[in-house]
1. Is it the case that region A:47-55 has a residue that's within 27 Å of residue A:239 (Cα to Cα), in contact (Cβ under 8 Å) with a residue 12 or more places away in the chain and within 12 Å of chain C (Cβ to nearest Cβ)?
2. Considering only region C:23-33, state which residues are within 20 Å of residue C:319 (Cα to Cα) and modelled with pLDDT of 80 or more.
3. I want to confirm something. Restricting to region C:144-165 and keeping residues that are under 23 Å from residue C:263 (Cα atoms) and surrounded by fewer than 19 Cβ atoms within 10 Å (Cβ to Cβ), which single residue is nearest to the other protein chains (Cβ to nearest Cβ)?
4. If you scan region B:112-122, which residues turn out to be closer than 14 Å to residue A:161 by Cα and more than 7 Å from every other protein chain (Cβ to nearest Cβ)?
5. Return the total of residues in region B:402-420 being within 12 Å of chain C (Cβ to nearest Cβ) and either part of a helix (DSSP H, G or I) or over 11 Å from residue B:374 (Cα atoms) (or both).
6. Of the residues that sit in region B:24-52 and are crowded, with 17+ Cβ neighbours inside 10 Å and in a loop (DSSP other than H, G, I, E, B), which one is nearest to the chain's Cα centre (by Cα)?
7. From the list B:442, B:399, B:430, pick out the single residue that is without any contact (Cβ under 8 Å) to a residue 12 or more places away in the chain and more than 9 Å from chain C (Cβ to nearest Cβ).
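The values are calculated or read from the model by the stated rules, or taken from the named source; none is laboratory data. This one's a predicted model, so the numbers in the text were calculated from it and none came from an experiment. Using ideal geometry, Cβ is built from the backbone for each residue, glycine included, and neighbour counts are taken over all protein chains shown.
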């Protein structure tokens, strides 16, 4: 493989991987608290559509970004009300949120289809901009979300493993009865995890419409939410590993584009299958150890002390 | 029997007010008075045992003292001051901590994280080294050494219990309540726990522990309080009490002292055929399980063979192996003369192996399905009729079984989960015994049963033997084994370390073998 | 003896339960539908009228409802059967595509075979395709390697891509066509339709599937074992029931039903293989099964309701100018109400 191809791949991987990483981080946080949100796809779509709409209205992508984060948090809070307060089945509730996201994003975005917006501004450090091999690519010419992607991942990791709050969240996800016995407010911890996770999801969606494509179209996330859910498992619920995962899967997407652009005979469909098959293979290979890695109480409803 | 108030001469030697006191505790659950005017005093620097039979009210009292349960009436005083406990948080704030039978530890988290989770005075960013230091201090002082960085799931049960204690100590508890702490411990772990109690007592901590094992209580407690049917019926100082007095208090004046009874005569049949044979049987283990090594066991018709062992000795694995749930890794298994080493569970059962488990609700029954369906599911292929089940034939056969056992048959449409524990066990037994099993495999069959149901089950096993069946009784209850076993095998760490004929063994000797404190005997 | 538990006999009132649920949920649907329309500045009444006109008011309307119900029934049973064992099959979508793929392959393989041979063959292929796609997660679950929810979810994305590959590639029609699609199937492979409507024999297949599901679960000894596994798999194993075998079998049969849905859509409606074969029937089927509590009559009612709702979506788009996707909000709202109604509402029996 030639250098331009490799660099192009890397650049594409980073661009594609940004929204994947934010989505994965958000879902990791939520799943660490014991909740699985199949409706992540809906959260991403809502984030993308709200971000785009607010940007189109206000002319300012920062407002759009903030609105997207808020919308994501709101979506997850609604989900939280269903699964934490009403103690509903998480899978069904997640699918409900997915449908809701499909519909709500379509309604929100409909008036703005085709609108032209100025997306998030990009920066490139001057000392890199002068390098030849950098100039011709999109490398290091990123918007804020991409620049902050890895730091945010490290932050999420640190919060989960070095703070009291993170310990509480992990305890709830492993054994809510024990967390409850230790005096923690399990419902509050889960709501908080959902809130922050939702905001990250909203940002993930916004990156697509405000930076990557600068458009809005129905269902534009094309299953990224589910790839992110797979990525959470792939990275064993560890935010740091998620960086590698997002890069890898983003790379698969980028590979698709690169090969198409170069008229390669490998079908884009086959490439499109890679992320899912890869995840399945990884799950198979890890088998037992992955089971140990998952939060023990993931997906279970906690009915309070007995 | 001394009433609590009559220990004045002892009290005079203890100048301080009790650390924890309960006065006139009452708690009623429906018709049952779990606590009926109970008084209890726990002094500073005292190891206080709370004993009584199942259902005496010990658990309820301790849960009240921990704020887990609200009493209907009565007072709780901490260091002489009356308090109201709305929840365990209140109790903990007052320095009362409780270690339950089921640990509230989170297995995938480390010891340090589990303890940190529990502490309320940590800063938002947890300083792991500082917490570790504190853990080490307490561990050193009281003999509670554990690796703070280890994951809890890698620890033995005894070590996990140490973590529970450390949790409470670091959270500034001065009163520690233990609910049946030795139930899941091996004997050397029990000894270690009692050493910890002594160390804590020496530094002024107060310990209240609930148990029904009288021998332990006599070994380590300073004071012993006895409950029966929700009332406090006796309080002794160490030295005052002995086995007979305690048993009499626990069971009332006319209760027979439970010692090893006269053996019932075994039917003599020297040419009985072997029903089950294990030749050099081994099986693998993973995680917490115990591997079995080269077991040789032979059970003939018309005999009851008991297998004694403590938790972790491999008893459960042995039951699974015989049933077919666990594959043989070496050696062979023979049922009625046929090589059954590779048989499926269905085939094993078809050949006449009945299984009476310790917890029938979770191990052998389907709570959401009707009694009728439960009966059908336990009979394998026997009543298969084309695409469906021959319900009438099944019901007739089951009715016969219930009659033969003199059990009342519940309505067949009733959901299994709606039956009481004893009745559920009876349905399972009737189902298992319905077709004259050649081998009855009983695994802790009377655990959790009330006294009457337990006695009736033991009678049943004796009757099965009388009818020429073989019974393999796997349990840790030595009294039961003494009453029932024609032959006793002792299992320790996955191997047979002793074999005895009826009447030819003593409880202490077997106890030592069970705990590996003495080498193999008669093997 | 003081057993005070009541004997619950559902035999007579099962139909009543299902009917009451259906009416209740329909009422919710209507109200929410109205609210959404009001919020979007449209008139609910005219929307109701339009929907009614397009669905229940004419024979054609009803026939279209039946057309929509066909794949929904199959997709719901695809979820409901494994659910009896406690398995969660969210892979209806992927299994559907695989069924369509296999059926298409069968049709293109023997284009000159007579209908009485080709049609059953193609149906069998459809079943096999879906079954195979579900067996993979089934085996993974039976060997305790991967949770079937995750596995089926992931595979949902793979089979549509396989279909796309063939549609854009080896099977692409040589005719000049606006959409990427395959050539038409040989006539012999097409499912016959009735009375000049689009209702096709697939409806009979789906009703048969529902009946088979009901019979199996309620009446056969296999259904008894499956329910036992769902009730207490540990006890089932100890009593000799071959749990891994049933896990794989139930997944296979469920997947097969979903595959039949795909085959039905391809051979009964589209007449050729296209990328966009299913607008999410698999997921809708999951919801139908879940709302119906896995009960066959409930599935029938819910599928009917969802058919009306999706039809309403078309109406919304055409006559009210709302994007079709808005109907998703309606679906979501119904679910919200059911989920929020009481703790653990809608769980399986």
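1. yes
2. Step one: filter region C:23-33 for residues within 20 Å of residue C:319 (Cα to Cα), giving C:29-33.
Across region C:23-33, the qualifying residue is only C:31.
3. Within region C:144-165, the match that is nearest to the other protein chains (Cβ to nearest Cβ) is C:165.
4. B:112, B:114
5. Taking region B:402-420 as the starting set, the residues that turn out to be within 12 Å of chain C (Cβ to nearest Cβ) are B:407-420.
Then keep just the ones that are either part of a helix (DSSP H, G or I) or over 11 Å from residue B:374 (Cα atoms) (or both); that gives B:407-411, B:416-420.
Here the count works out to 10.
6. Going through the qualifying residues, I end up with B:52.
7. Numbers: B:442 fails: without any contact (Cβ under 8 Å) to a residue 12 or more places away in the chain; B:430 fails: without any contact (Cβ under 8 Å) to a residue 12 or more places away in the chain.
The unique qualifying residue is B:399.
This table checks each residue for (1) within 14 Å of another protein chain (Cβ to nearest Cβ); (2) in contact with a helix residue (DSSP H, G or I) (Cβ under 6 Å, 6 or more places away or on another chain); (3) part of a helix (DSSP H, G or I).
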site	(1), (2), (3)
A:167	yes, yes, yes
A:170	yes, yes, yes
A:192	yes, no, yes
A:201	no, yes, yes
